[in-house]
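Reading through the structure tokens given below for one structure.
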Amino acid sequence: MENESLELRDPAIRVTMMPKDTNYAGTIFGGVILSYLDLAGAVEARKHGKDKLFVTVAMHGVDFIAPVFVGDLVSFYTRTQKIGRTSVTVDITVEAVRREGSGERVRVMEADVVYVAVDENRRPIPINT
Ligand SMILES: CC(C)(COP(=O)(O)OP(=O)(O)OC[C@H]1O[C@@H](n2cnc3c(N)ncnc32)[C@H](O)[C@@H]1OP(=O)(O)O)[C@@H](O)C(=O)NCCC(=O)NCCS
């Protein structure tokens, strides 16, 4: 996905990173970004079953491309890549707008996350029901 096309889309989630989210190197802890990534992907998955419970079964191709800093405005853009029988695979691109300097837009992370629709016993169920 090109930066230009991302600018035209609404992110699933947009958040400003806070000092509490840093690691000992002073950048944002990767686990914090992963947590938002998971939430953003779930927003996309729910489009395919608003009344369904989706759980995360896998994260593939998780790439931390560039660091995220305190004060960056971070956007999580999602796109449905594949709809299976019980699963939905979501492409997620994460972009930061820097607080420092010129407000540059930087792609900081990419991943594909797989969600499975489950019933009340947490067993996979078809999405198209
Ligand atoms: C999600 C869960 C119910 C799936 O159980 P399962 O026995 O693997 O179910 P299945 O083998 O029938 O697979 C279900 C779907 O998930 C897909 N899937 C399972 N493991 C996968 C993996 N590692 N990567 C990609 N897709 C996967 C299957 O391809 C299948 O998709 P489809 O029906 O669209 O073809 C089970 O793995 C689970 O409960 N995991 C924990 C979920 C959770 O608690 N997540 C929160 C984070 S801790």
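The values are calculated or read from the model by the stated rules, or taken from the named source; none is laboratory data. Values in this document were obtained by computation on a predicted structure and should not be read as measured data. Quick reminder, even Gly has a Cβ in these numbers, built from the backbone with ideal geometry, and neighbours come from all protein chains shown.
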| remark: (1) modelled with pLDDT of 95 or more; (2) surrounded by fewer than 18 Cβ atoms within 10 Å (Cβ to Cβ) all hold for Arg9 apart from (1)
| task | Identify all residues within segment 44-65 that are outside any strand (DSSP E or B) and surrounded by 15 or more Cβ atoms within 10 Å (Cβ to Cβ); write none if there are none. | result | Glu44, Ala45, Arg46, His48, Gly49, Lys52
| query | Looking at (1) surrounded by 15 or more Cβ atoms within 10 Å (Cβ to Cβ); (2) touching a Lys or Arg at 6+ places or on another chain (Cβ under 6 Å), which is the only condition Ser87 fails? | reply | (2)
| field | Sole residue being at pLDDT below 95 and either within 16 Å of the ligand (Cβ to nearest atom) or of a type in the set (Val, Ile, Thr) (or both), chosen from Gly49, Gly41, Gly31 | value | Gly49
| remark: Residues in segment 97-116 that are in contact with a Gly (Cβ under 9 Å, 6 or more places away or on another chain) and closer than 17 Å to Leu6 by Cβ total 6
